[in-house]
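The values are calculated or read from the model by the stated rules, or taken from the named source; none is laboratory data. All values reported here derive from a predicted model rather than from experimental measurement. Here the Cβ positions follow ideal geometry from the backbone for every residue, glycine too, while neighbour counts run over all protein chains shown. When the accessible area is computed, the model is the full protein with side chains, heavy atoms only, and any ligands, DNA or RNA have been set aside. Shrake-Rupley method; radii C 1.70, N 1.55, O 1.52, S 1.80 Å.
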Amino acid sequence: MADFRPDRSRDAAFAWIAAAATLATILVANFAPARGPVPHAVPPAAIVSPADDPGCREWTDACRVCTRGGDGVHCSTPGFACQREALRCTGR
């Protein structure tokens, strides 16, 4: 009678390849430069961050929303596939 054993070396090779592919994907996602729209050229004196503007109560970068309250600034958690844009005030 023939002895049927699974080929463990093939399974181990597949596991190493899967682990390497996962690691490569994570590294590329964290270190590759982000691509998005090029911001407009604005003179440095005209740039005012909504976070630094006391009159702005709420602002966003299209990934998260921040609000200023009596107890400080609170921001939402960005999604994992977020594409950030320039900060803009959404509530005064």
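Odds and ends about this structure:
Each row is one residue, and each column tells you yes or no for (1) of a type in the set (A, V, I, L, M, F, W, C); (2) modelled with pLDDT under 90.
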position	(1), (2)
2	yes, yes
5	no, yes
12	yes, yes
17	yes, no
22	no, no
28	yes, yes
32	yes, yes
36	no, yes
44	no, yes
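- Residue satisfying all of: in the stretch 67-87; open to solvent by 70 Å² or more (accessible area, probe 1.4 Å) and in contact (Cβ under 8 Å) with a residue 12 or more places away in the chain; farthest from residue 51 (Cα to Cα) among these: 83
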